[in-house]
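Have a look at the structure below, then the notes.
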Amino acid sequence: MKTRISLILLVLTILTMACSLPSFGTKDTPAQPTPTSTPDTGMQLYYGTGMQIMLPKSYISEDIDSALPTIIATIKDFVGGESGPLSGLVDSIEGNIGWYGYDGGTAAVYPTRLIILRNKAFSKLPVSMITIGLEQVLGNDSALVDSDSVKLGGRNITRLSYSKDSSAWVAYLFKEADYLWMALYLTTPANMAAEMDTFELSVGSIRIDAIQPAP
């Protein structure tokens, strides 16, 4: 995965450098610029609360206020309920949801969902302790969690992924602007395997404290 991302960045760097080089022609026939079309990456910019992210155009942003009960129930289930070791992630969750929505291009029965959370209190804890807390929540299934470090968008990010039966999720955790940020994808094993590269590109595109567009 790291090699693949590095290759993508290398190609983009080479293309950028190539575009900036001057064109050379003869004195009698000055070189003419060749019009080129802008490639469609299939991604577009989505604005959230205090952040922005590039996602596939098939993603649909949902109203946080109306979806709040579902979001809280989902996060509580994820962290082991109100008495779980990570229950603090749901504290003041109303103002700590960066973005919430789903991929309209995946199966309607269980579309891939994305929740981006931020938490100020957890920014003081080492990410390793948060990982241990999550393993406690999962109990016997903790052995199914893959944990590693990846570098996306210039950040060192802890990636946790889990897949069993019909359920799968991948969480990306990093600290920035005095917050712990977590981008959590909830999906199916098949979708996670097929879309992991897209997840990585999107998480790498996150920008914190983005300027909100005018209404």
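The values are calculated or read from the model by the stated rules, or taken from the named source; none is laboratory data. Please read all numbers here as calculations on a predicted model, not as lab measurements. We place every Cβ from the backbone using ideal geometry, glycine too, and count neighbours over all the protein chains shown. Quick note on the areas: whole protein, heavy atoms, side chains included, nothing else; ligands and nucleic acids left out. Shrake-Rupley method; radii C 1.70, N 1.55, O 1.52, S 1.80 Å.
Under a Cβ-Cβ cut-off of 12 Å, what is the net charge of the residues other than E176 that fall near it, where Lys and Arg count +1 and Asp and Glu count -1?
Combined, the nearby Lys, Arg, Asp and Glu give +3.
Using a 1.4 Å probe and ignoring any ligands, DNA or RNA, find the accessible area of E200 and quote it in Å² to the nearest 10.
Number for this one is 10 Å².
For D146, D65, D103, give me the order by solvent-accessible area with a 1.4 Å probe, most accessible first, ignoring ligands, DNA and RNA.
Highest to lowest solvent-accessible surface, that is D65, D146, D103.
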